[in-house]
Amino acid sequence: MSIDEKERKHLGRFSRHILSQLVCMGRHTITNLMTTSGRQFMDWSADYRLYGKERIDCEQLFAHICKEVIRLNGKGPLVTALDDSLLRKTGKKIPGVKYARDPMGPPFRVNFVRGQRVIQMSAALSDGLQARMIPVIFRDASTPDKPKRSAEEEEWTVYREECKKRRLSVHGVSCINDLRNRMDRNQDLWITVDGSYTNRTVLKSLPESTVLIGRIRADAKLYHLPSPFPGGAGRKRIYGSEAPTPDEIRMDDTILWQNINAYTSGALHEFRVKTVRPLRWRATGKEQIVQIMVIAPLRYRLSKKGPLLYRQPAYLICTDPELPPEKILQAYLWRWDIEINFRDEKNLLGTGQAEVRNPSSVKAVPQMMVASYALLLLAGIHNWGITGIPQPQNIPKWQNPNKKYRASTNDLIKQLRYELWADSIGSINLSHFDQCRADKRSPLNPVLPAFDAILQVNSA
């Protein structure tokens, strides 16, 4: 068999896995993916070796996804979000799986769970107000295996050095540089992060034309710019007088609040913010000038007649001192969509449920599952836009169509299942149901729009 025929077989098997991953019922294991595609009575070894022998490079698929996202975004700045997550695991023989703090545990008690640490970068496609985050980078970020207590000192030294190289901040810098290299040099890259990535490692390693917007501590020590020195001997000053901390800025009545509007949760909301610029922070280095934004606590009610409650204030840092506050706030509000990505990937698409132990498969199988999720979102944007909903007339009566401001992942999965299975499981005895046949469609519209769009993006 020639190399081209082998690669064609690998790509065909990989395409079946991607499509089966989106419509699979039950746990998303390799066995269930084969069952979904009707290959449960065939040899299973080739499907497992597809990832264990590294016959498919999922990084190339993410490169195609990233290229498509950049094309759809246009020439404006590309707003992205960077975060890490934990894929729950129960096996004790899986490479890279360690005990970690449970992110869903209560704040008054620390819980530990076994899991695989991963890092993801998602890019936002927006229509000006509303945005949808598409995963463009997904990688394994597990830590090395800890040596035994009786191990020699050299082994412990190697372990400590490896832990430094595999820190989440180092993985984050690698993701940022890779995405920056895939973009045009003249296009700006905005990165929104939480407080765990607003540190010295990330801030001092930002490439050119890259802006970071992240959470900062309430008691961070900030400095004004030094006053101009007329000249003379001696080293020039880098930091001026000490500036108020972000929490002191919030309580300072001499700094006025600004009312700005930003889009979130399907509507425009009014926010009260304070901005102070230009400033310097030691974590960003002597060459970086920043600005600080303070967001006042928001009011909300759990019910219409419930008491008025307040959220905690937020403190943001931006490495571009000239960026308007409304753009900073809107970009950071879009960041919440990466949390929705993690929820859909783990709860709806079963990322991390595959029972594999090969070191290559442990890294590649979750990448395949997240890549299929990204292809599904891109297919929905190609067919119905960012705010479009497939078959809005078929929304159940118990759901309010006015509250749906975009198609959910579950809506896209149901549409894909309908296109693939409707004719197979339909019954002619149910004549009282309204049946929408493909021959009644306009010849300009594809019969299976979601299925065709996924294949089109995957073959790009």
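The table for this structure:
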read-out: Among the residues listed as 294, 370, 356, the single one being β-branched (Val, Ile, Thr), assigned to a helix (DSSP H, G or I) and closer than 30 Å to residue 103 by Cβ; value: 370
read-out: Filter pass, residue 56 being modelled with pLDDT under 90, surrounded by 17 or more Cβ atoms within 10 Å (Cβ to Cβ) and either over 30 Å from residue 333 (Cβ atoms) or within 27 Å of the chain's Cα centre (by Cα) (or both); value: yes
read-out: Given (1) among the charged types (D, E, K, R); (2) within 23 Å of residue 36 (Cα to Cα); (3) free of Cβ contacts under 8 Å to residues at least 60 places away in the same chain, index of the condition residue 355 fails; value: (3)
read-out: Residue among 63, 81, 46 that is surrounded by 14 or more Cβ atoms within 10 Å (Cβ to Cβ), touching a helix residue (DSSP H, G or I) at 6+ places or on another chain (Cβ under 8 Å), at pLDDT below 90 and of a type in the set (Gly, Ala, Ser); value: 46
read-out: Test: residue 397 is charged (D, E, K, R), outside the structural domain of residue 14 (by TED's automatic domain parsing), within 18 Å of the chain's Cα centre (by Cα) and more than 27 Å from residue 72 (Cβ to Cβ); value: no
read-out: Residue 343, sole failed condition from (1) outside the structural domain of residue 87 (by TED's automatic domain parsing); (2) loosely packed, with under 13 Cβ neighbours inside 10 Å; (3) basic (Lys, Arg); value: (1)
read-out: Search result, residues across region 132-163 that are of a type in the set (Phe, Trp, Tyr) and buried (at least 21 other Cβ atoms within 10 Å of the Cβ); value: 138
read-out: Search result, residues across region 127-172 that are within 30 Å of residue 69 (Cβ to Cβ), out of contact with any strand residue (DSSP E or B) (no Cβ under 6 Å at 6 or more places or on another chain) and basic (Lys, Arg); value: 165, 166, 167
read-out: Verdict on residue 72 being at pLDDT 90 or above, within 20 Å of the chain's Cα centre (by Cα) and aliphatic (A, V, I, L, M); value: yes
read-out: Any hit, region 11-18, residues being touching a residue at least 40 places away in the same chain (Cβ under 8 Å) and in contact with a helix residue (DSSP H, G or I) (Cβ under 6 Å, 6 or more places away or on another chain); value: yes
read-out: Region 111-131, subset over 18 Å from residue 189 (Cβ atoms) and touching an Asp or Glu at 6+ places or on another chain (Cβ under 8 Å), residue surrounded by the most Cβ atoms within 10 Å (Cβ to Cβ); value: 118
read-out: Condition met for residue 181 (surrounded by fewer than 18 Cβ atoms within 10 Å (Cβ to Cβ) and touching a Ser or Thr at 6+ places or on another chain (Cβ under 7 Å)); value: no
read-out: Cβ-Cβ under 6 Å pairs, at least 6 apart or on other chains, region 33-49 side free of Cβ contacts under 8 Å to residues at least 40 places away in the same chain, far side crowded, with 17+ Cβ neighbours inside 10 Å and small (Gly, Ala, Ser); value: 33/20; 36/20; 37/20
read-out: Only listed residue being in contact with a Leu (Cβ under 7 Å, 6 or more places away or on another chain), under 25 Å from residue 200 (Cβ atoms) and crowded, with 18+ Cβ neighbours inside 10 Å, chosen from 338, 292; value: 292
read-out: Hits in region 201-221 (condition: among the aliphatic types (A, V, I, L, M) and within 23 Å of residue 76 (Cα to Cα)); value: 203, 206, 211, 212, 213
read-out: Among (1) among the hydroxyl-bearing types (Ser, Thr, Tyr); (2) over 30 Å from residue 96 (Cα atoms); (3) in a helix (DSSP H, G or I), the one test that residue 387 misses; value: (3)
read-out: Subset of region 84-94 that is basic (Lys, Arg) and surrounded by fewer than 18 Cβ atoms within 10 Å (Cβ to Cβ) - its residue that is nearest to residue 338 (Cα to Cα); value: 88
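Residue by residue, here is whether (1) of a type in the set (Asp, Glu); (2) on the phi > 0 side of the Ramachandran plot; (3) at pLDDT below 95; (4) outside the structural domain of residue 92 (by TED's automatic domain parsing) holds:
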site: 144; (1), (2), (3), (4): no, no, yes, no
site: 151; (1), (2), (3), (4): no, no, yes, no
site: 154; (1), (2), (3), (4): yes, no, yes, no
site: 164; (1), (2), (3), (4): no, no, yes, no
site: 176; (1), (2), (3), (4): no, no, no, no
site: 184; (1), (2), (3), (4): yes, no, yes, no
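The values are calculated or read from the model by the stated rules, or taken from the named source; none is laboratory data. Predicted, not measured: the structure shown is a model, and the values here were computed from it. Note that we place each Cβ from the backbone using ideal geometry, even for glycine, and neighbour counts take in every protein chain shown.
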